[in-house]
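Got a structure for you, written out below as structure tokens; questions coming shortly.
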Amino acid sequence: MAEEEQESKKGFRLLGILDVKNTPCAREAILHGAGGAVGAGLIHFLTTSRVKRSFDVGFAGFMFTTLGSWFYCRINNAKLRVQQRMIREGIKNKVMYEGSVLDPTKRPAAETPPGAS
């Protein structure tokens, strides 16, 4: 029973090195790469009828599409983490300074010059 639970938590390992289940963006990148490989290889085969060259084009399409999708997803995740950290710090500062003299949302009352009505 314990072995079955460990196997279900393990996930799928690609080539024994990349844990697809636990690595962010890995699953989507591999699926996009597979689609890019099929598309590129099939289009090249239909236009040239050269099998080996079509396989090479498909493989190159897999590599480029996978890497492009991987980097795009990772960069977006990094931007999202930065935004989340900034929001978290802003909320922490708001809670800490709320109602005090240092509250940045509190506007000082505009002073009217004496004698002006």
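The values are calculated or read from the model by the stated rules, or taken from the named source; none is laboratory data. Keep in mind it's a predicted model, so treat the numbers as computed, not measured. Keep in mind that these areas ignore ligands, DNA and RNA; they rest on the heavy atoms of the full protein, side chains included. Shrake-Rupley method; radii C 1.70, N 1.55, O 1.52, S 1.80 Å.
Tell me yes or no: at least one residue of segment 62-82 is at pLDDT 90 or above, open to solvent by 90 Å² or more (accessible area, probe 1.4 Å), part of a helix (DSSP H, G or I) and over 30 Å from C25 (Cα atoms).
No, because not a single residue in segment 62-82 is at pLDDT 90 or above, open to solvent by 90 Å² or more (accessible area, probe 1.4 Å), part of a helix (DSSP H, G or I) and over 30 Å from C25 (Cα atoms).
Counting only residues that are under 33 Å from the mean Cα position of the chain (by Cα), of a type in the set (S, T, N, Q) and at pLDDT below 85, how many does segment 83-104 have?
1
Something else: Can you tell me which residue in segment 17-46 is nearest to S69 (Cα to Cα), limited to those that are part of a helix (DSSP H, G or I) and of a type in the set (D, E, K, R)?
E28
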